[in-house]
Amino acid sequence: METRSASRAPSLRQAPYYAILIVLCAFTIGLLAWVVLGSLKSNIEIFGSPWSLPSNPIANGIKNYSTAWTTAHLGDYFFNSVVVTGASVVLILAVAAPAAYVLARMLFIGRSTLSYYLIAGLGVPHVLIVVPLIVLMTDLHLVNTLPGLILVYSAVNVPFAVLLLTGFFRSLPQELEDAAAIDGASRFTTFFRVMLPIARPGIGTAAVFAFVEVWNEFFLALLLIRDGELRTMPLGIYSLKTAMTMTANWAGLYAGIVILIIPATVIFILLADRMMRGLTLSAGK
Amino acid sequence: MKRSRVRGNGLLVVSFLLPAIALYSLFFAFPVIRALVVSLFDWNGFSGDMKFVGLANFINITQDSLFWEAIGRTLIISVGGGVLLFGLVLFLGGVLLRPLRFKRVFRAILFFPVVLPGIAVGIIWAFVYNYDWGPVSGVAGALGLEDLQGPWLAPDRIIPALTVAVVWTYAGYYLLLVLAGIDRVPRDLLEAARLDGASEWTTYRRVVLPMVGDVMDIALILWIVGSLRIFDVIAAITLPMPSTSTYTLSIYVWSQTVGGDPPVFRLGYGTALGVILLALAILGAGLSRLRGSRQRIEF
C-alpha cells in the first residue's frame, strides 16, 4: 500500500507520527519505571530527590519489599488472590465454555433470549447489587469467605466469557462436527473430543481476561470480605495505602503496587498478542 | 443444521446451559431483580423495618442536591472523558493507518494500562499528582505555572484530574476495538482514494471512519456502560471517608448503603440511586445505537 515516492523517504515524512507515538508510549513506560524506581528508594529520597535514580537500590529495595510482603501481610494476600483467582477462572471457564458452545452451535427455542440474558450482565454496574448481594451472601453464610467471593466473581464474569467464547465457537468450521456426527459420535463426545481441543486458543484467551478481571477486582471484595486475613491483593493494597498515609511510608506502598501489578504485567508481556486478538474477536460480533 | 439432530440433543442443551445459568442467575441476575424491588422500600437493614414506599425514593432523589452534583461528576468522566478518549483514539487510529514500523509494539504499550488494577491506577496517579514530589507539580513548578502545580487531588479538582487517569487506562483498549474495525476496510478502497489524490487524513476521515460505524457503536456502548460505573480509581484515593464534593454516582451509592464510615444504611435510597445508574447505562447504550442506525442508513 506504500507508494514509490513515499517509500524512498518514509521516515522523514512519518517523523511527526513516530514522535507522537513515542511520546505517548514513553509516558506509560516512564510512569511505571518511576513507580518501580520509587520502590527502590528510601522515603527521604522520594521526597527529596523524586527525579534521581535510587542511591542505594538494593538495601532500600529489600527493606521496602520485605516491609510490604511481611509487615503489611501482602504475602498472605497474594496467596489469597492466587486461590481466589485460580478457582474463579476454572469455574468461569467450566460453566461458560459449554454454555457458549451450545449457544453458538445448536438451534433450539429461546436461544437468542438466553444469549441476551447471559450477556446482559455486562451492562449492570456492580454497585447496584450491593444490598441484595450482601443479604444473599449472609443468608447463605458465604459472606466474608473466600468460596463466597469465588462464586460471586464467577457469576459476574460469565457474561464476558460467554460473549467471547460464543464468538469463538461460531468461528470454528462446521465440517468437523459433521464428520464426528457421521462417525457416530454423540454431541457430548463431539464437544469434549473435537470442539474443546480446537477451541483451546479461544478458551485460553477467555482465561486470560478472566484472570486479569478477577485478580484486579476491588469493589466486590471490599463489599464481601471483612477479615484482615481473607483480604485479596487489591484489598491489601487499599489497606496498606490507608495505613501508609498515616505512617508516611510511601516507599513501602510503591513496593506493594509493584507486587500487585506484576502477575498481570507478566501475563501481558507473554500473551499481549492473544489478548488483543481475542478482543478483536469479541468486538467483531 | 437438521432439526431432528437438535431435538435429540435436548438433554445436551440443558445440561450444558444449566450450570452457567444457575450460577449467573443466583449470584448476579437475581440480586439485580432484588435491587429493583429494594429500591421501592425504605429500609435501614433490619428485616422488620422494611417499609414499602413506592417511588418515594426516586422522588426524593430528584430533590437531592448531592445526587445532582454526583451526576455532574459522573458525566465529567463519561462525557468529558469520552470526548477526550475518543478524540485520542480516532486520531491514533489515523496515525496507525500510516506505513509505520513497530506498530505492534506501539499498540501493545498503549493497550497495557488496561490490565492494571483500578486501585493501582488510582494510587499511581495519586503519586503523579502529588504536590510535594509528583511529576505534574514538578513540571508545572519548573515552568513557573503555579496554578497547575496543584493540589490536583483537592475535592474540587480530583474528578477532572482522575478523568485523565481513566482515559490513560482505557484509551489503548478502545483504540484496539477501533483498529479491529479499520482492519476490515478493504485495502483497495484506500488505494483508490489515494489514486484519486486524497490525502491520508482525508482518506481516513471520508473513507475509513464511515466504514467502522458498527465497531464505533460497540466501543461507545462499552465506554458509556464502563465509565458510568468507575469506582476503584476514585475509591483508591478518597475512601474510606470520601468528601461529599468528590461523590460520583457509584461512590454515592456505596456511601449511602454499606460503605459509609460509619455506614448510614439507607439501603432503599442507596439502591434507588443504583437503579438510576443502571437506567443511565441503558439510556446511554440506547442513544449510541440510535446514532449507529442513522449512520447505517446514510451509507
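Farthest toward the positive end of the dipole of segment B:32-115, out of B:62, B:33, B:93, is the Cα of B:93, where the dipole comes from beta carbon charges about the Cα centre. When peptides B:142-153, B:119-130 are ranked by their average number of other Cβ atoms within 10 Å per residue, the highest-first order is B:119-130, B:142-153. Placing a pseudo-label 7 Å from each Cα along the Cα-to-Cβ vector at residue A:71 and residue B:214 gives an inter-label distance of 5.7 nm. Once the Cβ-Cβ distance of residue A:189 and residue A:262 is raised to the sixth power relative to R0 = 41 Å, the FRET efficiency obtained is 0.50.
Remark: spin-label model distance residue B:26-residue B:52 equals 2.9 nm, labels positioned 7 Å along the Cα→Cβ axis. Peptide B:132-144 has a mean of 2 when you count, residue by residue, the C-beta atoms of other protein chains within 10 Å of its C-beta. Reported to the nearest whole Å, the Cα centre-to-centre distance from segment B:56-121 to segment A:193-230 is 23.
Quick check: from the Cα gyration tensor, does chain A come out rounded (a/c under 1.5), prolate or oblate? It is oblate, given that a/c is not under 1.5 and a/b is not larger than b/c.
Oblate is the label for segment B:1-115, because a/c, from the alpha-carbon gyration tensor with a ≥ b ≥ c as root eigenvalues, is 1.5 or above and a/b does not exceed b/c. Here's the list of aspartates and glutamates a cross-link from residue A:241 could span, going by alpha-carbon distance under 16 Å and ignoring same-chain residues fewer than 8 apart: B:232. Rg of the Cα atoms in the protein assembly as shown, relative to 2.2 N^0.38 Å, amounts to 1.01. When each of the peptides A:30-36, A:67-73 is scored by how many other beta carbons lie within 10 Å of its residues on average, the order from highest to lowest is A:67-73, A:30-36.
Take B:101, B:73 and sort them by solvent-accessible surface of the protein heavy atoms, 1.4 Å probe, largest at the top.
Output order, biggest surface exposure first: B:101, B:73.
Taking a span of 27 Å or more along the helix axis (Cα atoms) and a mean Kyte-Doolittle hydropathy of at least 0.0 as the rule, the DSSP H helices of chain A that qualify are A:15-38, A:74-105, A:146-170, A:250-283.
When only Cα pairs below 8 angstrom with a gap of at least 6 residues are kept, chain B shows a relative contact order of 27 percent. The radius of gyration of the Cα set in segment B:65-139, together with its Dmax, comes out at 16.6, 52 angstrom.
The simple spin-label model puts a point 7 Å past each Cα toward its Cβ; for residue B:105 and residue A:83 those points are separated by 4.3 nm. Note on residue B:169: accessible area approximately 10 square angstrom, rounded to 10, probe 1.4 Å, nucleic acids and ligands left out.
Cα gyration tensor of segment A:1-111, axes a ≥ b ≥ c as square roots of the eigenvalues: rounded (a/c below 1.5), prolate (a/b > b/c) or oblate?
Oblate, because a/c is 1.5 or more while a/b does not exceed b/c.
Per residue, chain A exposes 43 Å² of accessible surface when a 1.4 Å probe is rolled over the protein heavy atoms with every protein chain present. Treating r as the C-beta distance of residue B:157 and residue B:192 and R0 as 51 Å, the FRET efficiency rounds to 0.55. Net charge near residue B:150, counting Lys/Arg +1 and Asp/Glu -1 over other residues with Cβ under 10 Å of its Cβ? The answer is -2.
All other residues whose Cβ lies under 11 angstrom from that of residue A:236 are scored, Lys and Arg at +1 and Asp and Glu at -1, for a net of 0.
Once R0 is set to 60 Å, what does the formula 1/(1 + (r/R0)^6) return for the Cβ-Cβ distance between residue A:248 and residue A:13, expressed as a FRET efficiency to the nearest 0.05?
For residue A:248 and residue A:13, the calculated efficiency is 0.70.
The values are calculated or read from the model by the stated rules, or taken from the named source; none is laboratory data. Here the structure is a predicted model, which means the values were calculated and not measured. No Cβ is skipped: glycine too gets one built from the backbone with ideal geometry, and neighbour counts run over all protein chains shown. For accessibility, only protein heavy atoms count, side chains too; no ligands or nucleic acids. Shrake-Rupley method; radii C 1.70, N 1.55, O 1.52, S 1.80 Å.
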